[in-house]
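Reviewing the structure listed below.
Read-outs: derived from the displayed coordinates by stated rules, not from any lab. Fair warning: this is a prediction, and the values are worked out from it, not measured in the lab. Cβ: placed from backbone, ideal geometry, glycine included. Neighbour counts: every protein chain shown.
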Amino acid sequence: MLDNDVKLVDLPLPTRVAKALAMENLVTVGDVREKSDYELTRIPNFGRSSLKEVYRFGLRTKPSEIVSIIASVESKLSIVNKEINDMRNLLELLRISALDGDGNAGRSR
């Protein structure tokens with residue numbers, strides 16, 4: 001197991017993972033260990049694959065079933081987010097069709 005004071009730049013991490021961690025000012029193995037898996041996966045460009053790399057390089061140890069749960073939740077969340085965006089688009093279309101040319105609700109004058 002790696003010591004907490006090992007610098008991430010000294011490890012052969014994939015570029016995508018190293019850049020994402022650096023953008024969050026995570027410099028050492030200890031910095032990564034202070035973050036929860038949830039916090040790490042909220043980092044832009046740092047998802048489930050990046051989290052797997054963190055475990056593969058020994059920055060953390062974790063039961064594989066948790067990674068599977070994360071993957072399942074992320075998949076479902078992606079579907080829900082798409083549905084929310086579809087509903088927003090539909091509501092915007094309905095709002096636009098309900099307005100007249102002056103931006104007022106269509107009603108007789």
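Each residue of the stretch 26-38 was assigned a 3J(HN,Hα) from its phi angle through the Karplus expression (A = 6.51, B = -1.76, C = 1.60, θ = phi - 60°), giving 8, 10, 10, 4, x, 4, 5, 5, 6, 8, 6, 4, 4 Hz with x at Gly and Pro. The phi torsions of the stretch 72-81, fed into the Karplus equation with coefficients 6.51, -1.76 and 1.60 and a -60° offset, translate into couplings of 5, 5, 4, 4, 5, 5, 4, 5, 4, 4 Hz, rounded to whole numbers, with Gly and Pro shown as x.
Here the peptides 67-73, 9-15 are ranked by packing, the mean other Cβ count within 10 Å, and the order with the highest first is 67-73, 9-15. Taking amide hydrogens as placed 1.01 Å from N in the peptide plane, the amide H of THR28 sits under 5 Å from those of LEU8, each at least 5 positions away in sequence or on another chain. Between ALA71 and SER49, the contour length at 0.36 nm per residue exceeds the Cα-Cα span by 7.0 nm.
Listed by chain and number, the lysines whose alpha-carbon sits under 21 Å from that of LYS52, ignoring those within fewer than 8 places in the same chain, are LYS7, LYS19, LYS35, LYS62, LYS76. The length gained by stretching the chain between ILE84 and LYS19 to full extension, at 0.36 nm per residue less their Cα-Cα distance, is 20.4 nm. Between amide H atoms placed 1.01 Å from N, distances below 5 Å from LYS35 occur with no residue 5 or more places distant or on a separate chain.
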